[in-house]
1. Find the helices (runs of 4 or more DSSP H) located wholly in the range 471-557 whose residues include 2 or more that are crowded, with 22+ Cβ neighbours inside 10 Å and of a type outside the set (F, W, Y), and list them.
2. From (1) touching a Leu at 6+ places or on another chain (Cβ under 7 Å); (2) in a strand (DSSP E or B), pick out the condition that doesn't hold for K116.
3. Go through the range 191-219 and give me each residue that's over 23 Å from F103 (Cβ atoms), crowded, with 20+ Cβ neighbours inside 10 Å and not hydrophobic (A, V, I, L, M, F, W, C).
4. So for the range 370-381 (the condition being crowded, with 17+ Cβ neighbours inside 10 Å and not in a strand (DSSP E or B)), does at least one residue qualify?
5. Determine which member of the set I201, I220 is touching a helix residue (DSSP H, G or I) at 6+ places or on another chain (Cβ under 6 Å) and either in contact (Cβ under 8 Å) with a residue 12 or more places away in the chain or among the basic types (K, R) (or both).
6. Does Q283 satisfy the criteria of being surrounded by 19 or more Cβ atoms within 10 Å (Cβ to Cβ) and at pLDDT 90 or above?
7. Can you tell me which of (1) under 13 Å from the mean Cα position of the chain (by Cα); (2) surrounded by fewer than 16 Cβ atoms within 10 Å (Cβ to Cβ); (3) over 19 Å from T369 (Cα atoms) is the one I232 doesn't meet?
8. Which pairs have Cβ atoms under 9 Å, sit 6 or more apart or on different chains, and link a residue in the range 462-482 that is at positive phi and at pLDDT below 95 to one that is of a type in the set (S, T, N, Q) and crowded, with 18+ Cβ neighbours inside 10 Å?
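The values are calculated or read from the model by the stated rules, or taken from the named source; none is laboratory data. Computed from a predicted structure; not experimentally measured. Glycine gets a Cβ as well: all are built from the backbone with ideal geometry, and neighbour counts include every protein chain shown.
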Amino acid sequence: MKQFKILYRDDDGLLENLAEIRQWKETHAGYTTVFRIYSDDMEREHIRHICEFLDHEMPDALYLGCTTNANITDGALTNTRIILLCTVFECETTKAKILQFPFLEDDVAHDVAELKKCCEENPWVNAVEMHATIMDMSMMEFCNKMSGLREDIQVFGGGAFNPDMDDETAFVFSKGNEILGHGIVFLLLGGEDFHTYSTFISGWKPLKRKFKVTKADREILYELDGKPALDIYRRFLNINRNEKFFSNTLEFPLFVEHDGIDILRCPLAANEDGSLVMSSDMQEGTNVRLAYGDPETILASIREDGQRIADFMPEVIQTFSCAARRAFWGDENISDETVIFNKVAPTAGFYTHGEFVRINGDMLNFNVTLVIVAMREGDEPASGKRVNIAQEQLENSERERIPIIRRFVSFIEASTADLEEMNKKLAMSSVTDGLTRLNNRAEIERKIHSTLDRYRNFEIRGHMSLIMLDIDNFKKVNDIYGHKEGDHVIQALADVLRDTTADVDSCSLGRWGGEEFMVLLADSDLDEAEALAEKIRLAFAAVSYETAPCQTVSIGVTQAGDENADMLYSRVDKALYMAKAAGKNRVVRL
């Protein structure tokens, strides 16, 4: 195949270019001819004029195109508003066909069904290139349905855009069809001698910390891990909601996990409620990670991943690069990441609103990503220079590195604080009863043993006492009113214990097991312990519940002497048994 690039400036120049193409076809085997027209000139009449010009001068040629954020020729950003890429296929078996449809969310099922039908009717199709207006559209259904396309067909392309990223106006168009503000164009390519290889490169790298999308609606990301989505940028990166939010988050977009593939999503803006406006749909339940990007990291990825393109030995390379990448690099440096491919084969394309490529049968919609498509006719050349991209020297752009370093420091500090908080919670859970949030049995026993040892070694002056409680007839509560109400009764006793001992010094509370509780009083004698026990009994008896009647508790009280812990437990347990035997709902001291 042979590709001609035309930088449109006026009709006379276009006429000369077309004459050169016709002359070349007269002396070479030139069969199917396809023009791709990329325009960041948003005037419909200018686009229509060029289409009519092609219809008149090259009536046998096919053409398609779209409006763009900017255009790429020779692997570099060009300031030419309208470019035409003319591909002449030199193998008679290579074929091309164009489909164009209106494209709104209600049209998705129809459009994809028509594409599938056409591919089935034309088994020579092995690649589909697409351009679509996707602003304000959910592309989830489209990608799901496109994944059902015949497995051997590669799909790739980009979303039509506008040179003003805040302007939603965009067009697609093709031969024999209208210029549509809501449309999609498919270029079907294939044949036994036509080969393509498509891939994607982001260059951004994921950080390890994962967050779960807990609330989202299409492109609005409300919550991550149950907190406002903006919080991860504020907390971890010190990026706040202001006029620089988009440019700052370009260095740190989000990686969304999708069947083992990380897909970039860029926050476009932050709302007052802490939600984020994302570049594409976000799905609840998915995991995301912050990603980081800097020129050196991105260019290293391009040298490494791009080698597969060079090894394919293409005749033509197409690029669909996100306009956000252009914003990230700036116009002075954006070409650094694509010009290297022009050393492999003529490289051209445009800056998109969303990039598309089919990977392992799944149609994926990317953002902040570079989709690269290599094409050739015939088998891989037996001879020819194979470019080693990995060894090509790329001139890195000079960018301010201090902000990204500072944000990394902020991320590490915040992550460390979160880890410390998590460790505290884990430590707390090992000594706390899950239902009552009191000490569990192991912890209250540890405290009793420790206090008794200090008491017996005269490290504590005064008296040590224990109070043991058991809810009366608790089994009936579970049997009649259910275990949920039983849990409420147990929690109510825990709350009563907390409230009645709030002003008691040197007091520890614990759940002994089931409906039994233990109170350790490290500085109270038997009379004081008995008075507190009676206070607890009365307070608990006054608690009301949703379905169960008021409940009572039996209590045993004892004071420590010159004895070990087992003897102390036995005596307080015996006092509790005596309270039960005497009719329950009472305090017995022993």
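1. Result: 483-500, 526-541.
2. Failing condition for K116: (2).
3. G191, H195, T196, S202, G203
4. no
5. I201
6. no
7. (2)
8. G462/S524; N473/Q551
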